[in-house]
1. With every protein chain kept in place and ligands, DNA and RNA left out, what is the accessible area per residue of the chain? Probe 1.4 Å, answer in Å².
2. With the dipole of region 18-110 worked out from charges on the C-beta (+1 for Lys and Arg, -1 for Asp and Glu) around the Cα centre, which of ASN34, VAL81, VAL109 lies farthest toward the positive end?
3. Quantify, in whole percent, the carbon and sulfur part of the accessible surface of the chain (1.4 Å probe; protein heavy atoms only).
Amino acid sequence: MVKEWEATYTEFTRDTALYPKDVEMEYLMIGLANEVGEVLGKYKKHIRGDTMIMSDFRDALIAELGDVMWYFARICDVLDVKMYEVMERNVSKLISRKVRDKIKGDGDVR
């Protein structure tokens, strides 16, 4: 079921991808950073007290996280890696760190 959903979503991102293909990865990386920045901007305004009500804040974050997901899916597609593979690797990495008591700390390899 998840893999079917992923294939459908990936196809959707292909259909909605409107950017120059000769700079595809550059465009996607900048777009991902931009959307993460928008998530952080919403949160910054929430900390400052600009958010009206919690449900509006939550909805705004969900919308921005959807944009982050779109860029993530496009990057995975360009790299020819499935999103679930990225998640599986991340789970394995974090389980290993937890077992070895290395969740805290710095560095990719710990």
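1. Values: 8340 Å² over 110 residues.
Roughly 76 Å² per residue, with all protein chains present.
2. Final value for the positive-end residue is VAL109.
3. Carbon and sulfur together cover 61 percent of it.
The values are calculated or read from the model by the stated rules, or taken from the named source; none is laboratory data. What you see is a predicted model, and the numbers here were worked out from it, not measured in a lab. Here Cβ is always computed from backbone atoms with ideal geometry, including for glycine, and neighbour counts include all displayed protein chains. These area figures cover heavy atoms from the full protein model, side chains too; ligands, DNA and RNA do not enter into them. Shrake-Rupley method; radii C 1.70, N 1.55, O 1.52, S 1.80 Å.
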